[in-house]
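Peer 1: Handing you this structure, nothing more for now.
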Amino acid sequence: MEIDKSLIQNLINEAFAAAGNAYCKYSGYHVGAALLTVNGKIFKGCNIENSSYGATNCAERTAIFKAVSEGERDFEAIAIVGFIDGKEPDSYAYPCGICRQVMSEFCDRDFEIIVAKSVNDYKLYTLNELLPESFGADNMI
Ligand code: THU
């Protein structure tokens, strides 16, 4: 089901608010994500970097882990924004491969991924489009 434009724009605004909390002292690249549950709740997440770079957590996974740890597992959509410190977004922030795999653990193939530069400039994908032919629990039965 495609979500309506005002909800998409609300999610994008929430993603920008989340990006404001990004802890990105090494890359200077702020990422914010706003995850919508099927019950209409929104969980926000930002990237949280670490001096041992590999311990960095992406914004999308922050949002998903926050939600799952609060007992939510049914998700409808996520909006993602990314921009360099002090600049306006000039490209769409696509989720990295690890985040796509984490999405596929909890989300249906038609889970909607919104990548945005602003509330009026965004693109919509399904998880299936961004992670086709994925590995999952079904492979192990
Ligand atoms: N980052 C995210 O938060 N999400 C992604 O999907 C890609 C990358 C963050 C991690 C790191 O803090 C910064 O962007 C640069 O890689």
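Peer 1: Considering only strands (runs of 3 or more DSSP E) fully contained in segment 1-95, which possess at least 3 residues that are within 11 Å of the ligand (Cβ to nearest atom) and out of contact with any Lys or Arg (no Cβ under 7 Å at 6 or more places or on another chain)?
Peer 2: Where strands (runs of 3 or more DSSP E) fall fully within segment 1-95 and carry at least 3 residues being within 11 Å of the ligand (Cβ to nearest atom) and out of contact with any Lys or Arg (no Cβ under 7 Å at 6 or more places or on another chain), they are 29-37, 75-84.
Peer 1: I'd like to verify a number: residues in segment 107-122 that are over 13 Å from the mean Cα position of the chain (by Cα) and either within 16 Å of the ligand (Cβ to nearest atom) or under 17 Å from Asn13 (Cβ atoms) (or both), how many?
Peer 2: 6
Peer 1: Only one residue in Ala15, Ala67, Ala33 is within 23 Å of Phe111 (Cβ to Cβ) and in contact with a Pro (Cβ under 9 Å, 6 or more places away or on another chain). Which one?
Peer 2: The unique qualifying residue is Ala33.
Peer 1: Here is a follow-up. Please count how many residues of segment 123-141 are modelled with pLDDT under 95 and either within 24 Å of Glu14 (Cα to Cα) or of a type in the set (D, E, K, R) (or both).
Peer 2: Number of matching residues: 1.
Peer 1: Now for a separate question. Any residue in segment 49-78 that is within 24 Å of Thr126 (Cα to Cα) sitting within a Cβ distance under 6 Å of a residue that is away from the ligand (no atom under 11 Å from the Cβ) and of a type in the set (Asp, Glu)? List the pairs, counting only those 6 or more apart or interchain.
Peer 2: Going by the 6 Å Cβ cut-off, the qualifying pairs are Ala77/Glu112.
Peer 1: Restrict the check to segment 22-36 and report whether at least one residue is of a type outside the set (Gly, Ala, Ser) and closer than 21 Å to Gly71 by Cβ.
Peer 2: Scanning segment 22-36, I find at least one residue that is of a type outside the set (Gly, Ala, Ser) and closer than 21 Å to Gly71 by Cβ, so the answer is yes.
The values are calculated or read from the model by the stated rules, or taken from the named source; none is laboratory data. Note that the coordinates shown come from a computational prediction; the quantities given were computed from them, not determined experimentally. Cβ atoms come from the backbone with ideal geometry, glycine included; neighbour counts cover every protein chain shown.
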